[in-house]
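> Take this structure first; my questions come after.
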Amino acid sequence: MTFKDIQTVKTTPIAGQIPGTSGLRKKVKVFSEPGYLETYTQAIFNAIDPTGKTFVLGGDGRFFNSEAIATILRMAAANGVAKIIIGQNGILSTPAVSHLIRKRSADGGFILSASHNPGGPGGDFGLKYNTENGGPAPEAITDKIVACAETISNYRITKDLPETLETLSDLGTHTFNGIEIEIVDPVADYAALMEELFDFDAIRKMINAGFTLRFDAMHAVTGPYATEILERRLGAVQGSVVNAVPLEDFGGGHPDPNPVWAKELFDHMHEPNAPDFGAASDGDGDRNMIVGKGIYVAPSDSLAVLAANAHLAPGYARGVAGVARSMPTSAASDRVAEKLGIKAFQTPTGWKFFGNLLDAGRATLCGEESAGTGSDHVREKDGLWAVLLWLNILAVRGESVADILKDHWQTYGRDYYSRHDYEGLDTAAANAVMADLKERLPALPGHPAASLTVSAAEDFAYTDPIDASVATGQGIILTYEGGARAMLRLSGTGTEGATLRVYLEQYAPPDGDLGRDTQEALSEVIAATSKLANIEDMLGRTGPDVVS
Ligand code: VG1
Ligand code: CO
């Protein structure tokens, strides 16, 4: 049987349908304009030829999620897709999509999310296409999608779907006019994978013995996942998962797990009655924030601690083959790799650049300074995975988060690290800062800036060690004499104006001062970098909007 009413609707290329660091992100207002989602979805279909293929489909539940899923489903049917696997009620976290693609040997997946960007009618929406390895489409494919979007002339859609399917609530397989639609529990397969990787008995025992935790789901997609895993399976008391009910607008919050946007949890972890362990995740469940009693774990440090201790969890007992980090992530994980005698990789920002290293078995753990950590278990970063690996390590070592972190610094030294974001900038002005700095790069080595001197200046380009693909213009790296480093790049996930990210780090060796305030420890590199980039003169800003 085939669909009776396949319509071919005329459309024209839409300006700005270009995916950024992680898929196409726009204001809900834009995404929900008639034909907008349809045109981009058809561009993806045209780029990949979906005929006879199987795809996973789901999103983080934000405003416009259900409508978008219904549209993509209708278009998939009209484009000859054989099967679609959908999370019940349209819900799937990003790592759960990645796992499902792999587990079911699907040909790819569609993730509806704008991740940490706010949601609701006035917020953001996004669509990301992942390939059959479960990871975000690499640039060769996103380039093809852009090319298809630039030449598009029509899209295909059918209205011929039964109403029962539109609710997406009935678990099981529904066959309709030649397309198979399977609605799955969003949590079950993911939770089973976590049980394979981690020693749930050891974690349960630690919790039974009085270890306390709080997980802040920020009213985003991880609520049901964390409640099932942390409360039901691991025995954390009911209520340990807070803000557990996913809301279309994330309760009006900004679901970005960092000390600024997850302030409630951050502050609670610094109170006298703080639990032993605190964590949070973002809109689509791929990021994590880890906070111990009275101590915040910077994401770059978290990656390093996880790399040094991963072998304590059953899923990584064989050891770690290599550690990969994005360019602006601190060098802390490189030091662990060196000690373990394994390879350290530096990639551009964005999880798509880790895919080949993971597929080839060259890297086991990957991480980004923006609170993303993950491993070869899926091809996305994974917030709850990082939380569970931390819990497994804590259960085996029997020490506090603070002790483990301090011990780590005493062994490897400490990479003081911070990211300064200048938000809501005029796009032309932000581009000018980068262009101007790029032009001056060759003259910078040996150049004094505030109290420091530049030793090297680089416009970061990356050659993928597996397929030799090249990504250029991935940010500027300034290295200073004495071991400080600064990186500058423009965000590729925003939907309004431009955001300049300035990443700052300063190493202190094991016998150096390991207990300084981070901003104070970085004050010299902050001053030098602001001066070199002419931030105040060119942007009229005397300081960043967000310090994390
Ligand atoms: C940001 C982060 C980057 C991350 C990306 C997607 O990108 O810096 O590390 O991979 O978001 O994460 P940008 O271009 O704004 O700096 V998520 O959790 O939004 O899928
Ligand atoms: Co995310």
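The values are calculated or read from the model by the stated rules, or taken from the named source; none is laboratory data. As the structure is a prediction and not an experimental result, all values here were calculated from the model. Cβ atoms come from the backbone with ideal geometry, glycine included; neighbour counts cover every protein chain shown. Side chains are part of the model used for accessible areas, which takes the heavy atoms of the whole protein and leaves out ligands, DNA and RNA. Shrake-Rupley method; radii C 1.70, N 1.55, O 1.52, S 1.80 Å.
> Would you point out which residue out of ALA450, ALA430 is open to solvent by 10 Å² or more (accessible area, probe 1.4 Å) and either modelled with pLDDT of 95 or more or among the aliphatic types (A, V, I, L, M) (or both)? Give the derivation first.
Working: ALA430 fails: open to solvent by 10 Å² or more (accessible area, probe 1.4 Å).
Only one candidate passes the filter, namely ALA450.
> While we're on this one: With more than 16 Å from ligand 1 (Cβ to nearest atom) and under 24 Å from HIS254 (Cβ atoms) as the only criterion, which of GLY108, GLY126, GLY172, GLY120 stands out?
On the way: GLY108 fails: under 24 Å from HIS254 (Cβ atoms); GLY126 fails: more than 16 Å from ligand 1 (Cβ to nearest atom); GLY172 fails: under 24 Å from HIS254 (Cβ atoms).
When all the criteria are applied, what remains is GLY120.
> For the stretch 463-489, how many residues are assigned to a strand (DSSP E or B) and open to solvent by 20 Å² or more (accessible area, probe 1.4 Å)? Give the steps one after another, and end with the answer.
Of the stretch 463-489, the ones assigned to a strand (DSSP E or B) are 463, 470-471, 476-480, 484-489.
After this cut, where a residue has to be open to solvent by 20 Å² or more (accessible area, probe 1.4 Å) as well, the list is 463, 470, 479, 485, 489.
Summing the residues that are assigned to a strand (DSSP E or B) and open to solvent by 20 Å² or more (accessible area, probe 1.4 Å) in the stretch 463-489 gives 5.
> Here's something else I'd like to know. Among the listed residues ILE101, ILE157, ILE91, which satisfies the condition of being over 14 Å from the mean Cα position of the chain (by Cα), more than 16 Å from ligand 2 (Cβ to nearest atom) and within 21 Å of GLY285 (Cα to Cα)?
Numbers: ILE157 fails: within 21 Å of GLY285 (Cα to Cα); ILE91 fails: more than 16 Å from ligand 2 (Cβ to nearest atom).
Exactly one residue qualifies, and that residue is ILE101.
> Something else now. Please work out which residue is surrounded by the fewest Cβ atoms within 10 Å (Cβ to Cβ), limiting yourself to the stretch 306-322 and to residues that are touching an Asp or Glu at 6+ places or on another chain (Cβ under 9 Å) and assigned to a helix (DSSP H, G or I).
PRO314
> Taking the stretch 397-427 as the region of interest, how many residues are open to solvent by 40 Å² or more (accessible area, probe 1.4 Å) and more than 30 Å from LYS293 (Cα to Cα)? Can you show your working first?
Narrowing the stretch 397-427 to residues open to solvent by 40 Å² or more (accessible area, probe 1.4 Å): 397-400, 403, 406-407, 410-411, 423-424, 426-427.
Retained after the next criterion (residues that are more than 30 Å from LYS293 (Cα to Cα)): 423-424, 426-427.
Residues in the stretch 397-427 being open to solvent by 40 Å² or more (accessible area, probe 1.4 Å) and more than 30 Å from LYS293 (Cα to Cα): 4 in total.
> Can you tell me which residue among ALA47, ALA15, ALA76, ALA82 is at negative phi, free of Cβ contacts under 8 Å to residues at least 40 places away in the same chain and away from ligand 2 (no atom under 16 Å from the Cβ)? Walk me through it before giving the result.
Numbers: ALA47 fails: free of Cβ contacts under 8 Å to residues at least 40 places away in the same chain; ALA76 fails: free of Cβ contacts under 8 Å to residues at least 40 places away in the same chain; ALA82 fails: free of Cβ contacts under 8 Å to residues at least 40 places away in the same chain.
Being at negative phi, free of Cβ contacts under 8 Å to residues at least 40 places away in the same chain and away from ligand 2 (no atom under 16 Å from the Cβ) holds for just one of ALA47, ALA15, ALA76, ALA82, which is ALA15.
> Scanning for something open to solvent by 20 Å² or more (accessible area, probe 1.4 Å), touching a helix residue (DSSP H, G or I) at 6+ places or on another chain (Cβ under 8 Å) and among the basic types (Lys, Arg), does the stretch 323-330 turn up at least one residue? Please lay out each step first, then the result.
At the first step, the residues of the stretch 323-330 found to be open to solvent by 20 Å² or more (accessible area, probe 1.4 Å) are none.
Checked the stretch 323-330: no residue is open to solvent by 20 Å² or more (accessible area, probe 1.4 Å), touching a helix residue (DSSP H, G or I) at 6+ places or on another chain (Cβ under 8 Å) and among the basic types (Lys, Arg).
> Output the residues belonging to the stretch 261-280 that are within 16 Å of ligand 2 (Cβ to nearest atom) and open to solvent by 10 Å² or more (accessible area, probe 1.4 Å). Before you say what the answer is, go through the steps one by one.
In the first step, residues of the stretch 261-280 are kept if they are within 16 Å of ligand 2 (Cβ to nearest atom); the result is 261-262, 279-280.
Within the stretch 261-280, just TRP261 meets the criteria.
> Among the listed residues GLY292, GLY283, which satisfies the condition of being open to solvent by less than 10 Å² (accessible area, probe 1.4 Å) and within 16 Å of ligand 2 (Cβ to nearest atom)?
Details: GLY292 fails: within 16 Å of ligand 2 (Cβ to nearest atom).
Residue meeting the stated conditions: GLY283.
> Among the strands (runs of 3 or more DSSP E) confined wholly to the stretch 85-180, which include 1 or more residues that are open to solvent by 30 Å² or more (accessible area, probe 1.4 Å) and touching a Leu at 6+ places or on another chain (Cβ under 7 Å)? Don't jump to the end; show me each part of the working.
Working: elements: 108-112, 124-130, 154-157, 172-176.
Result: 172-176.
> Can you confirm whether the stretch 278-294 contains a residue that is over 27 Å from ASN130 (Cβ atoms), more than 16 Å from ligand 1 (Cβ to nearest atom) and not small (Gly, Ala, Ser)?
Restricting attention to the stretch 278-294, the residues satisfying the condition of being over 27 Å from ASN130 (Cβ atoms) are 278, 291-294.
Now restrict to residues that are more than 16 Å from ligand 1 (Cβ to nearest atom): 278, 291-294.
With the extra rule that they be not small (Gly, Ala, Ser), the set shrinks to 291, 293.
So far as the stretch 278-294 goes, yes, one or more of its residues are over 27 Å from ASN130 (Cβ atoms), more than 16 Å from ligand 1 (Cβ to nearest atom) and not small (Gly, Ala, Ser).
> Residues ILE44, ILE14: which one is assigned by TED's automatic domain parsing to the domain that holds PHE125, of a type in the set (A, V, I, L, M, F, W, C), surrounded by fewer than 23 Cβ atoms within 10 Å (Cβ to Cβ) and within 23 Å of THR495 (Cα to Cα)? Break it down into steps so the answer makes sense when it comes.
On the way: ILE44 fails: surrounded by fewer than 23 Cβ atoms within 10 Å (Cβ to Cβ).
After ruling out the rest, the residue left standing is ILE14.
> Shifting gears a bit: Working only within the stretch 376-390, note down all residues that are under 20 Å from GLY319 (Cβ atoms) and either of a type in the set (Phe, Trp, Tyr) or crowded, with 23+ Cβ neighbours inside 10 Å (or both). Write out each step before concluding.
Kept after step one, since they are under 20 Å from GLY319 (Cβ atoms), are these residues of the stretch 376-390: 376-378, 382, 385-386, 388-390.
Hits for the stretch 376-390 are VAL378, ASP382, TRP385, ALA386, LEU388, LEU389, TRP390.
> In the stretch 74-84, how many are part of a strand (DSSP E or B) and under 11 Å from GLY178 (Cα atoms)? Even if it seems obvious, please write down each step before you answer.
Applying the first criterion (part of a strand (DSSP E or B)) to the stretch 74-84 yields 83-84.
If we keep only those that are under 11 Å from GLY178 (Cα atoms) as well, we get 83.
Residues flagged as part of a strand (DSSP E or B) and under 11 Å from GLY178 (Cα atoms) within the stretch 74-84 amount to 1.
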